[in-house]
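Following: one structure in structure tokens, then a few remarks.
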């Protein structure tokens, strides 16, 4: 994808995302991700109904009238987007490439964060961590993130989610909110996931293409594993083969959901082109 095409795609995603990321979603985002505590804001004169536990006794004694400390929520949060850039994410058969759908989801989360004055960062990973964009605020920063997701070279290797989680746990000591975006074609270590979800808030977002879950009957087809390079001829007209493939995918997805549940982490499953804003809204509501 050339630079001009990337810029055009980023602008399209920004326009489309802002239409879909309405005030309701941003409101749910704000409610779901409350601050990390309360911080001192100012001292003012006592008003009827104020909590007497907030009285500033030193200032009250000095001015001979009651004053209270005003506290406010420490709102600023850090959102980390962990994006799988293994080759299977640079794939799509119908609506759009998985990486383009991921970029839209990241845009929605990013602009929601910007609207709440939160920082957003990115970890791009496959078999290892390839690029990290440190957390910052602002629209331009989100656009730079989207550009990276679309333009980065997708890696012909199996994805190692554990590596990405371990990196975040080692680097980000303060509690952050992690959004893990992948097609989850490869296994994840339950122990690593448990530790990560205890230290941070974690949501796994599976992004799948229609053909990830089932294969159509189109006769003999030459398949190549775009992550390993392995080649094979397959008779897709074989009903038993198609059935076993679909069942294996169902079992893999079920196992992944169970792994997240056991780890006290959240998980949502999306197909490219789906209404991701509704899924995010429902997730924010449940928090």
Item checked: Any hit, the stretch 110-130, residues being closer than 20 Å to residue 270 by Cβ, surrounded by 15 or more Cβ atoms within 10 Å (Cβ to Cβ), free of Cβ contacts under 8 Å to residues at least 40 places away in the same chain and touching a helix residue (DSSP H, G or I) at 6+ places or on another chain (Cβ under 6 Å) -> yes
Q. Hey, any hits in the stretch 153-162 for a residue that's touching a helix residue (DSSP H, G or I) at 6+ places or on another chain (Cβ under 6 Å) and under 20 Å from residue 7 (Cα atoms)?
A. yes
Condition set touching a strand residue (DSSP E or B) at 6+ places or on another chain (Cβ under 9 Å) and either part of a helix (DSSP H, G or I) or not assigned by TED's automatic domain parsing to the domain that holds residue 195 (or both), scope the stretch 260-274, selection nearest to residue 104 (Cα to Cα): answer is 260
Just one listed residue, out of 124, 165, 178, 109, is farther than 26 Å from residue 14 by Cβ and under 13 Å from the mean Cα position of the chain (by Cα), and it is 165
Just one listed residue, out of 158, 199, is surrounded by fewer than 17 Cβ atoms within 10 Å (Cβ to Cβ) and over 14 Å from the mean Cα position of the chain (by Cα), and it is 158
Subset of the stretch 209-230, residues assigned to a loop (DSSP other than H, G, I, E, B) and within 27 Å of residue 284 (Cβ to Cβ), comes to 209
Looking across the stretch 202-223 at residues that are surrounded by fewer than 12 Cβ atoms within 10 Å (Cβ to Cβ) and out of contact with any helix residue (DSSP H, G or I) (no Cβ under 9 Å at 6 or more places or on another chain), the single one that is nearest to residue 188 (Cα to Cα) is 222
Among residues of the stretch 39-57 being surrounded by 11 or more Cβ atoms within 10 Å (Cβ to Cβ) and not in a loop (DSSP other than H, G, I, E, B), the residue modelled with the lowest pLDDT is 39
By my count, strands (runs of 3 or more DSSP E) wholly in the stretch 103-208 with at least 1 residues that are out of contact with any strand residue (DSSP E or B) (no Cβ under 8 Å at 6 or more places or on another chain) are none
query: Does any residue of the stretch 214-231 turn out to be under 23 Å from residue 96 (Cα atoms), within 20 Å of the chain's Cα centre (by Cα) and in contact (Cβ under 8 Å) with a residue 60 or more places away in the chain?
result: no
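The values are calculated or read from the model by the stated rules, or taken from the named source; none is laboratory data. On a predicted model such as this, the values are computed, not experimentally measured, just so you know. Glycine gets a Cβ as well: all are built from the backbone with ideal geometry, and neighbour counts include every protein chain shown.
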